[in-house]
Amino acid sequence: MSARSSVSMFTFCRGLAVALIALLTLCESSVAKEAAVTGVRLGLNPPSSAKGTTRVVLDLSTAVPYSAFLLGSPYRLVIDLPEVAWSANGGSKQDTVGLVQRLRYGHFRPGNSRVVVDLMGPAKILRHSVLTGPDRIVFDIVPVGAARFAPGKKVGAKGWEPPTVSAMPLPRRKPSDLTGKRIVVIDAGHGGVDPGAVRGRTYEKRITLAVANAVKQRLEESGRYRVVMTRSRDEFLELRERVEVAHANSGDLFLSLHADTHPKGVTRGASVYTLSQKASDKEAAALAAKENNADTIAGTRIDPAAYSDETIDILRDLQRRQTDRQSVVFARMLTGQLEKNDVGLARRKAHRFAGFVVLKSPTVPSVLVELGYLSNASDRKMLQTSRFRSRVANAILAASDEYFKHVDDLARR
Ligand SMILES: [Zn+2]
């Protein structure tokens, strides 16, 4: 190596060190917490060709590091950031621009926000960079043949990695409630980067959280219940983690709240679902497939081990069958109480069953409630009223009272 090249090498390394220090400073959560994504923009170059370069721009209030990778089936670009605020409007964009079909953004894990971009087909990241003045992160993606598609390879700012799952402490198992109160776990469906069903400015994740809060208040006011929420803010949780909250808190009952869409705009009303390997009807099977897709929506790589054989084996187990029976008993009581409390039921059989992952607890009786359809104008309006939330809360309180009385009666025999 000549003296000259070693000097320039030194300058380069020193430059790198300075860049690294700058990056490490960036990583400090105090900076990240103040950071906000102020806009998400899509562009195409040349403008009229779907085969050109598609540009994804995240406008930032201040620079943050990032990490990104591609995922297949379906094709997605996933961009991880430190936890940031989102002042960009809404949590999803339906725009079809170039390779981009749709995108979502929001909270993913503690310390980790995420953007998931649905792609039309296989692609590669041509360029990615942080630009300053104004601060923004830019991705250029181009289509490639399926054979050249390389999922999972991480690119991004060096020195920053999003927090991993194993670093996340699971809630510790708490002893059963010593006050003798029953523990009801309320799961507000979706959240964070996964908006659930979206119609205009109406997001399923917001409706489910508002209803969950009303239910918690009503149950706790009665003095007979302690309510544990799987989430109490706009955050993402994997389906497995939702079930885990029920176990860790020794839940006596688990209710997952949702609001679906239907291709037919006239379809409306609430339904209660329980777990079954065989679905009650085609529509219930399709709904379970949609709800089970939540982790894919959030760009999580589905780990088959997460839904271990244990769960499948347990399906044959006595405990499993006992839990399933109790779930069905509660589902019937809840269906009756929803009707009594003027929560309109779906015209088809209101209690149905299918293979919902979130209902797979072997020990905690679990039901999933579809409160209504965002695709129906009347339902959509009603789902957002405090009157509706109050009716649902009353129905769940009455059904819980009825259910635990039944459980106590059985125990006394
Ligand atoms: Zn849902």
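The values are calculated or read from the model by the stated rules, or taken from the named source; none is laboratory data. Just so it is clear, the structure is predicted and the values come from calculations on it, not from any experiment. Virtual Cβ from ideal backbone geometry, glycine too; neighbours counted across all protein chains shown.
Scanning the range 210-237 for residues that are free of Cβ contacts under 8 Å to residues at least 12 places away in the same chain and within 15 Å of the ligand (Cβ to nearest atom) yields nothing. Exactly one residue out of Arg173, Arg148 is out of contact with any Asp or Glu (no Cβ under 6 Å at 6 or more places or on another chain) and either at pLDDT below 85 or surrounded by 12 or more Cβ atoms within 10 Å (Cβ to Cβ) (or both): that is Arg173.
Being surrounded by fewer than 22 Cβ atoms within 10 Å (Cβ to Cβ), charged (D, E, K, R) and touching a strand residue (DSSP E or B) at 6+ places or on another chain (Cβ under 7 Å) holds for only one residue in Lys349, Lys360, Lys381, and it is Lys360. The residues on offer are Ser67, Ser87, and the sole one that is polar (S, T, N, Q), in contact with a Ser or Thr (Cβ under 9 Å, 6 or more places away or on another chain) and modelled with pLDDT of 65 or more is Ser87. Going by the conditions given, is Ser400 farther than 27 Å from Ala289 by Cα and surrounded by 24 or more Cβ atoms within 10 Å (Cβ to Cβ)? Judged against the criteria, Ser400 is a match.
Run down Arg218, Arg206, Arg242, Arg231 and say which single residue is modelled with pLDDT of 95 or more, outside any strand (DSSP E or B) and over 19 Å from Arg391 (Cβ atoms). Only one candidate qualifies: Arg231.
For Ile207, are the conditions met, namely being among the hydrophobic types (A, V, I, L, M, F, W, C), within 13 Å of the ligand (Cβ to nearest atom), touching a strand residue (DSSP E or B) at 6+ places or on another chain (Cβ under 6 Å) and more than 20 Å from Ser378 (Cα to Cα)? The answer is no for Ile207.
Among the residues of the range 353-368, is any modelled with pLDDT of 95 or more and farther than 18 Å from Tyr225 by Cα? So far as the range 353-368 goes, yes, one or more of its residues are modelled with pLDDT of 95 or more and farther than 18 Å from Tyr225 by Cα.
Can you tell me which residue is surrounded by the most Cβ atoms within 10 Å (Cβ to Cβ) among those in the range 238-278 that are within 16 Å of the ligand (Cβ to nearest atom) and among the aliphatic types (A, V, I, L, M)? Ranking the qualifying residues of the range 238-278, first place goes to Ala259.
Just so you know, in the range 192-202 the residues that are closer than 23 Å to Arg387 by Cα and under 12 Å from the mean Cα position of the chain (by Cα) include one that is farthest from the ligand (Cβ to nearest atom), and it is Ala197. Just one of the listed residues (Ser61, Ser73, Ser87) is surrounded by fewer than 20 Cβ atoms within 10 Å (Cβ to Cβ), of a type outside the set (Phe, Trp, Tyr) and on the phi > 0 side of the Ramachandran plot, and it is Ser73. From the list Ile302, Ile312, the one residue that fits, being modelled with pLDDT under 90, away from the ligand (no atom under 16 Å from the Cβ), of a type in the set (A, V, I, L, M) and part of a loop (DSSP other than H, G, I, E, B), is Ile302.
Report whether or not Leu397 is within 16 Å of the ligand (Cβ to nearest atom) and in contact with a helix residue (DSSP H, G or I) (Cβ under 8 Å, 6 or more places away or on another chain). Criteria not met by Leu397. Taken across the range 375-390, residues that are more than 25 Å from Thr267 (Cα to Cα) and in contact (Cβ under 8 Å) with a residue 12 or more places away in the chain do not occur at all. Among the residues of the range 280-297, the one identified as part of a loop (DSSP other than H, G, I, E, B) and within 16 Å of the ligand (Cβ to nearest atom) is Asn293.
Suppose we filter Arg380, Arg387, Arg332 for residues that are modelled with pLDDT of 90 or more, in a helix (DSSP H, G or I), within 16 Å of the ligand (Cβ to nearest atom) and of a type outside the set (Gly, Ala, Ser); which single one remains? Just a single option satisfies the conditions, and that option is Arg380.
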